[in-house]
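Structure, as structure tokens:
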């Protein structure tokens, strides 16, 4: 069974995420504030609460540890802000992103749709061979709460989109890197299934 | 495709139990909040709202424990409201596992609270509850915030709907959006308790004034009422309390009915 770390940006509630990982089969879940000891874990979750600049600053000192973990194949799941941080820059902040993935993070188009995008929306799966979405049916409902969205440069990363004003990329996957714009820990049975998939991927990394 | 419309059961919590006011019997016990939360979540509720209706200091402790227990058994979002006055009240509820806090009277007394909360926790976790009642005393045709051209205006009420503020609800809704609210929980005091349906005019007016999601509350007696408010306004979600208690109606039935009528719901 997988040992998971959740990185704490210091911005809020990680209790739900913690409980969700435990409910869905993680052996133990630690909330950590430094990435120095990542070797102890089979997977890392970057949570989806907080604000871009403060989250980036809380992580800057550990950037090398993160890059090393990624290069060593550690499964990493970025949720919402935790996904957005992996890109080059965001309209939410002034600081550079972690620059793990090429592309940027943009504000949702306020003129076209209500912002934040809050509520249940459908997953349109655009790529069949995803490990994170294995067994998830087309059009499954997932829960979103966000004001910004990712715009990856490499379209091959995109596994699923959702329709909100336009087709937004909402699930990405590249080797051991996974990201969801929605909150799997709040997405009922579908979210639980995705969490289990991630934990299975982590178990293989033991 | 637009978002699904959300159906949100509301649980009034008093001294650690879910209660339901019944006109002729007073307050009646409706069950354990954690069990009910699990039940509604399994039935397909899109979110849950807990209102701490007494919110004394002693109840605050009980509520904290309930929040924690609920957060460990359900995997849908939930909001906690009732008596949240300060940043530290809100922080305590959020850190114990609630996804959102609903604040009402405190926002009117101290609008800065919304902005402070937004800066720390983000816009998405702040629901500003606005209780509204039509006020026909408009001889000067002027509220404290705007001109009125009808013979009444929508007045913001505080302290559980008991005290008027002379604040115009339309202006207030715009103001809280600007301050950093993520959603508005709109209750019509005129419709509340009538079971005659949601306040369509009020809901429409507020939905047309802001660009953040609005949750309609007050007056729901049947699934037909939910259909009416979804069909005739741009509202994003509905709150209902009594129709789900005592298994009069299940969420599944309500959602199927709405889906048949062409409303997008999560089934």
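The numbers here are math on the coordinates, done by the rules we state, and not lab data. Note that the coordinates shown come from a computational prediction; the quantities given were computed from them, not determined experimentally. Note that we place each Cβ from the backbone using ideal geometry, even for glycine, and neighbour counts take in every protein chain shown.
Taking the Cβ-Cβ separation of residue A:34 and residue B:95 as r and a Förster radius of 25 Å, what is the calculated FRET efficiency to the nearest 0.05?
Once rounded, the FRET efficiency stands at 0.75.
Taking every DSSP beta bridge with both residues inside chain A, roughly what % is antiparallel (nearest 5)?
Approximately 60 percent, going by the DSSP bridge assignments.
Among A:147, A:20, rank each residue by its count of other Cβ atoms within 10 Å, from fewest to most, as a rough exposure measure.
A:147, A:20
Go ahead and estimate [θ] at 222 nm for chain B from helices alone: -39,500 (n - 2.57) per DSSP H run with n ≥ 4, summed, over the residue count, rounded to 500.
-10000 deg cm²/dmol
Percent relative contact order of the stretch A:107-206, based on C-alpha pairs within less than 8 angstrom and at least six residues apart?
For the stretch A:107-206, the relative contact order is 28 percent.
Would you calculate the separation in nanometres between label points at residue B:248 and residue B:232, each defined as 7 Å from the Cα along the Cα-to-beta-carbon direction?
So the two model labels end up 2.0 nm from each other.
Let me know the Kirkwood hydrodynamic radius for chain A, please, with Cα pairs as the basis and the value in Å to one decimal.
The answer is 16.7 Å.
Would you list B:52, A:163, B:247, B:190 from fewest to most Cβ contacts within 10 Å?
B:247, A:163, B:190, B:52
Sorted from largest down, give the three principal axis spans of the alpha carbons of the protein assembly as shown, whole angstrom values.
Over the protein assembly as shown, Cα extents along the principal axes are 72, 46, 43 Å.
Tell me what chain A gives for mean residue ellipticity at 222 nm when only DSSP H runs of n ≥ 4 count, each as -39,500 (n - 2.57), the sum divided by the residue total, rounded to 500 deg cm²/dmol.
-6500 deg cm²/dmol
Which whole-number percent gives the relative contact order of chain A, counting Cα pairs below 8 Å spaced six or more residues apart?
Once normalised by length, the contact order is 22 percent.
For the pair residue A:72 and residue B:29, how long in nm is the line joining their label points, each one 7 Å along Cα→Cβ?
5.5
Taking chain B as a Gaussian network, where each spring joins two C-alpha atoms under 10 Å apart, which residue of B:101, B:156, B:19 fluctuates the most?
Answer for the Gaussian network model of chain B: B:19.
Using a 10 angstrom cutoff on alpha carbons, build the Gaussian network for chain B and name the most mobile of B:74, B:84, B:130.
In the Gaussian network model the winner is B:74.
Looking only at the stretch A:18-47, which residues have a backbone nitrogen under 14 Å from a spot 7 Å from the Cα of residue A:131 in the C-beta direction?
A:42-44
Give the residues of the stretch B:59-87 whose amide nitrogen is closer than 20 Å to a point set 7 Å from the Cα of residue A:23 in the direction of its Cβ.
Answer for the stretch B:59-87: B:63-81.
Among B:78, B:121, B:154, which one moves the most in a GNM of chain B with springs linking Cα atoms closer than 10 Å?
B:121
So if I take the centroid of the Cα atoms in the stretch B:55-98 and the same for the stretch A:138-166, what is the distance between those two points in Å?
Result: 31 Å between the Cα centres.
Using a Förster distance of 45 angstrom, determine the FRET efficiency expected from the C-beta separation of residue A:57 and residue B:209, and round it to 0.05.
That gives a FRET efficiency of 0.75.
Using only the Cα atoms of the stretch B:1-129, build the gyration tensor, take square roots of its eigenvalues as a ≥ b ≥ c, and label the shape rounded, prolate or oblate: rounded if a/c is under 1.5, else prolate if a/b is larger than b/c, else oblate.
Oblate is the answer for the stretch B:1-129, as a/c is 1.5 or above yet b/c matches or exceeds a/b.
For Cα pairs less than 8 Å apart in space and 6+ apart in sequence, what is the mean separation divided by the residue count of the stretch B:6-260, i.e. the relative contact order in percent?
It comes to 16 percent, rounded to a whole number.
Could you let me know the centre-to-centre spacing of the stretch B:212-267 and the stretch A:102-137, using Cα atoms, in angstrom?
Result: 25 Å between the Cα centres.
If each residue's Cβ is checked for other Cβ atoms within 10 Å, how do B:178, A:206, A:84 rank with the fewest at the top?
With the sparsest Cβ surroundings first, the list reads A:206, B:178, A:84.
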